[in-house]
Amino acid sequence: MRHVRTLRRGGRAPFRTAALLPLLFLLVLSLFPAATGKALAQGFNDLSGQPEEIRQAVEYAAQRGYMQGFPDGGFHPAEALSRIDCARALVSVFGHAGESADPAVTFTDLPPSHPDFIWANLAVKYGIMDRLPDGSFQPSQGTAFERVAAGVAAGAGMGDVASNVDVLTGGSPWYGGAMAVFMGLRCKYRYSRVWPGQAYPRGEMAYTLYRLDHMESWRPWYVRDSLSASRCKLPAATESQRQAVAFAFERLGCPYVYGGERESEGGFDCSGFVYNTLSIRMGYPMQRVADDQARDNRYLFVSRQALQPGDAIFFYENADDNPEGHIGHAGMYVGNGIFIHSGGSNGGVAFDCLENNDYWRTHFAWGRRVVGGPYNDRFDTWLLLYNPGEYTQPVSVRFLRSGREPETRDYRLAPHSRFTLPVDDLYAYDELSMEVEAPAPGVIAERAMYFDYGDWADDGHASEGLSQPSPRGYFAEGYTGRGFHTWLLMVNPGDAEAQVEVDYLPEGHAPVKVNYSLPPRSRFTVWVNGVAGLPEGSVGISYLSLNGVPVAAERAMYFDYFGRRGGHCSAAVENPSTHLFLAEGYTGDSFDTWILLANPNPEAAEVEVTYLVQGGSNVSERRTVPPNSRVTISARDRVPGSSFGTLIESLNGVPVVAERAMYFDYFGRRGGHCSAAVENPSTHLFLAEGYTGDSFDTWILLANPNPEAAEVRLEFCREDSSTVSVGLEVPARSRMSLCVDEIAGMGACSFATRMDSDLPLFMERSMYFYYKDRSGGTNCTAQEGPYQRRFFAEGYTGG
């Protein structure tokens, strides 16, 4: 085991450096010429049945004068250690033998003239032993294991470390801090069967003394750093999580027994300790063996960054293994890098640390959130960041969660590269919003989610978010009829509460107004189906911050659309417009495309919808959108079997909001996706997401609203900063579809996309996939350029 630091010691005698070990060994050889384990044991007549480590330790302790034998020639290694023998041993090993007595320390049962008085006096003086409440010392009374641990912690000058642990454990058990130090120094014989509360055997005391004199130079530092005051603070936790770690703390010092899972079996092995705590005592059904526990998908998979108190954690048998590798060890996470486990090398239940120990760091695999489960981990959230610039770009991501303070994490993006952030690895089983911030010139950001909603709608959706929060926003799409669930997600990133009025605009019915209070620096969720007074059916949505505090919002929908089950999501539109465009649209095979128009104004909007058909003639139709209402258009009725873009123009100058929803069966991948219409084409457009690995197909959709053809260059930027470029021509007033999977050099990779054109165009990206056991598709509209801020209201990693 390697460590990044070594102990800087103040010269305390008990911790001999590694350099002294050869000299000590030679000294032992000179005293015992045949220094084998058998020869060393010949000094006492009752050691022949003892393990070699105990025999060696007994002879060493006797030779050093730390302990003595009995007149019968025996050492009595299994006999209980008396209090006076414990006092003599610890006073001696910690270098206090020969000092003068403290006249302030007296006993009712040991006069100063008694030969044992000096040992008891010095032990109490230095806090190594205690004077009993009645003022006696009781020299012949047996010494409990935890009393030995307390003496070692005090004598080693690590009482402050023990106090840190007592803060962590809340002082229960009372000896927890001292036991943590004792076990961390590995002063307990690894095959010991002694529990706290039991008398400590003389032979094991000899082993403890031997360990104190042969301590690795780095170990006291490791214990001190692992159990520092800053680490020994239990993070925010639920009542059940606090109960789980409290149960674990009660086991500090309990023996390691291979195969053990109960008190009646004398101790616990690693997975038995986890099983006993979380299953037997907490009541969560679990597997028994570490490898099975680690792969029990009833419980939430938790990465290193997302660990919480009470999580079961697992370690590979081999360093830096992959998820297929065998899991050889288990423990329970406490917080701030500390975990508790039962290990053979520790001699039982002890603390260790993930953050300052190369062994645990390189062997860590993952955790499982058992407390609160079983879980249905049905949502995965990813944040995609793209740096199209020439220089490395720093990026900060602020995560906002309901009822908790925001947390900010920092990243660096290489030039011309894409970066993937798995949000589940940071916040397992949580709902959150995200704010991305970068200095000029900024970055491109998207959020992708893959899910099995309610165990009946598996799919994915993606969003480009919003460039800024706003006091006003609009959605054209929404449906609360049978088989559809609609959610409104709002985030208030500011420091003041937002008072938000939401107008629900049902098709063919009067608007329904509802007011909400959004706490500062948090997100807010509304299940639209449950809004009182809102009739079932199609509905547009608009919102207004009555007190001017800006918010960001998205709308997510989950559905069963004629057997195509899935979900889609769109970000709010800040302003309605008289001129809008959608690049994607398809009505061939098993694709249905719907155009949704919402009018938040008090007067009707006269709208012309033009379908720009790929390889065919354009088709137009006119619709009236009533005031404060919405209209639904089936594109299949006008352009069946076609790929097309859509141009939407208000003929009477009343601005509208538009979205396009698509439901599909793409080679067995069933689902839906949705995007809001955009107002202006651009000569430079960007997409952060794209993937061609596994069973993912990614399409780039380009729409040219101009009367002449456009010359276009697409640059695909992979995560390794390599790029692939493609040149093409998009015909006038038409659209073009490009499958990235079929482009040379773009197989099996994550990528972002940049488009440069001599004429302003529209661009979207559609992806169709099999992801784990989920299938479906997503769509996003391209962004006009890098942004210094980007907001995502939606984000969920739960079930």
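The values are calculated or read from the model by the stated rules, or taken from the named source; none is laboratory data. All values derive from a computational prediction rather than experimental measurement. Note: ideal-geometry Cβ built from the backbone for every residue, glycine included; neighbour counts use all protein chains shown. Quick note on the areas: whole protein, heavy atoms, side chains included, nothing else; ligands and nucleic acids left out. Shrake-Rupley method; radii C 1.70, N 1.55, O 1.52, S 1.80 Å.
Observations on the structure shown:
- Charge dipole (debye, nearest 20) of the stretch 518-573; +1 at Cβ of Lys and Arg, -1 at Cβ of Asp and Glu: 180
- Label-point separation in nm, Met282 to Glu79, each point 7 Å along Cα→Cβ: 4.5
- Values of log10 I(q)/I(0) for the stretch 162-205 across q = 0.19, 0.24, 0.26, 0.28 Å⁻¹ run -0.62, -0.87, -0.95, -1.01, by the Debye formula with one identical scatterer at each alpha carbon and no solvent.
- Neighbour-limited loop hits for chymotrypsin sites (Phe, Trp or Tyr not before Pro), the stretch 524-614 (at most 13 other Cβ within 10 Å; DSSP other than H, G, I, E, B): Phe562
- Extents of the stretch 229-335, largest first, come to 36, 33, 28 Å (Cα atoms, principal axes, whole angstrom).
- Backbone N within the stretch 341-382 under 13 Å of label point (7 Å from His326 Cα along the Cβ vector): none
- Compactness of the stretch 377-426 as Cα Rg over 2.2 N^0.38 Å, two decimals: 1.33
- Charge tally for Ser775 (other residues, Cβ to Cβ under 12 Å; Lys, Arg +1; Asp, Glu -1): -1.
- For the stretch 228-285, the alpha-carbon radius of gyration amounts to 1.23 times the rule-of-thumb value 2.2 N^0.38 Å expected for a compact globular protein.
- Restricting the calculation to Cα atoms, every distinct pair contributes to the Kirkwood radius of the chain, found to be 30.6 Å.
- Ellipsoid fit via the Cα gyration tensor, the stretch 529-581: semi-axes of 25, 17, 12 Å, each the root of five times an eigenvalue, largest first.
- Separation between Cα centres of the stretch 194-210 and the stretch 455-472, rounded to whole Å: 61
- Loop chymotrypsin sites (Phe, Trp or Tyr not before Pro), the stretch 173-220, which have at most 13 other Cβ atoms in a 10 Å radius of their Cβ (DSSP): Trp174
- Estimated dipole of the chain in Debye, rounded to 20 [Cβ of Lys and Arg +1, of Asp and Glu -1, Cα centre]: 2240
- Dimensionless Rg over Rh [the stretch 500-548; C-alpha; Kirkwood]: 0.99
- Out of every Cα-Cα pair that the stretch 478-637 contains, those further apart than 19 angstrom amount to 60 percent.
- Size of the stretch 561-619: Rg and Dmax of its alpha carbons, in Å, are 14.7, 39.
- Net lengthening on full extension, Glu265/His579 (0.36 nm per residue, minus Cα-Cα): 105.4 nm
- Stretchable slack from Glu239 to Ala748, in nm (0.36 nm times residue separation minus alpha-carbon distance): 178.8 nm
- Cα Rg over Rh - the stretch 426-485, Kirkwood: 1.02
- Separation between Cα centres of the stretch 333-366 and the stretch 97-166, rounded to whole Å: 32
- From largest to smallest, the equivalent ellipsoid semi-axes obtained for the stretch 717-799 from the alpha-carbon gyration tensor read 25, 19, 15 Å.
- Only Lys, Arg (+1) and Asp, Glu (-1) charged, at Cβ; the stretch 440-539 dipole about Cα centre in debye: 320
- Dipole of the stretch 468-553 [Lys/Arg +1, Asp/Glu -1 at C-beta], most positive-end residue of Ala476, Pro519, Pro550: Pro519
- Calculated FRET efficiency for the pair Val724/Leu651, C-beta based, R₀ 45 Å, to 0.05: 0.55
- Scaled against the 2.2 N^0.38 Å expected of a compact globular protein of N residues, the Cα radius of gyration of the stretch 393-531 reads 1.19.
- Taking a point 7 Å from the Cα of Asn318 along the Cα-to-Cβ direction, the residues of the stretch 347-388 with backbone N closer than 14 Å to it are 363.
- Distance between the pseudo-spin-label points of Ala604 and Asp503 (7 Å out from Cα toward the beta carbon): 1.8 nm.
- Remark: the stretch 262-321 is approximated by an ellipsoid whose semi-axes, taken from the C-alpha gyration tensor as √(5λ), come to 21, 15, 11 Å, largest first.
- Most positive-pole-ward Cα, His509, Leu185, Gly335, against dipole of the chain from beta carbon charges: Leu185
- Per residue, the solvent-accessible area of the chain (1.4 Å probe, heavy atoms of protein chains only, all protein chains present) comes to 37 Å².
- Evaluated at q = 0.11, 0.17, 0.19, 0.20 Å⁻¹, the base-10 log of the normalised Debye intensity for the stretch 621-709, with identical point scatterers placed on the Cα atoms, takes the values -0.46, -1.06, -1.27, -1.35.
- In angstrom, the C-alpha Rg and Dmax of the stretch 338-475 are 19.3, 63.
- Over the stretch 393-470, all Cα pairs binned in 10 Å intervals from 0 give whole-percent P(r) values of 14, 46, 32, 8, 0, listed from short to long.
- For the stretch 137-289, the average shadow cast by the Cα convex hull is 10.1 nm², which is a quarter of the hull's surface.
- Of the chymotrypsin sites (Phe, Trp or Tyr not before Pro) found in the stretch 415-472, those that fall in a DSSP loop while having at most 14 other beta-carbon atoms within 10 Å are Trp456.
- Pairs of Cα atoms farther than 12 Å apart, the stretch 343-386, %: 78
- For the stretch 660-799, the spherically averaged projection of the C-alpha convex hull amounts to 9.7 nm².
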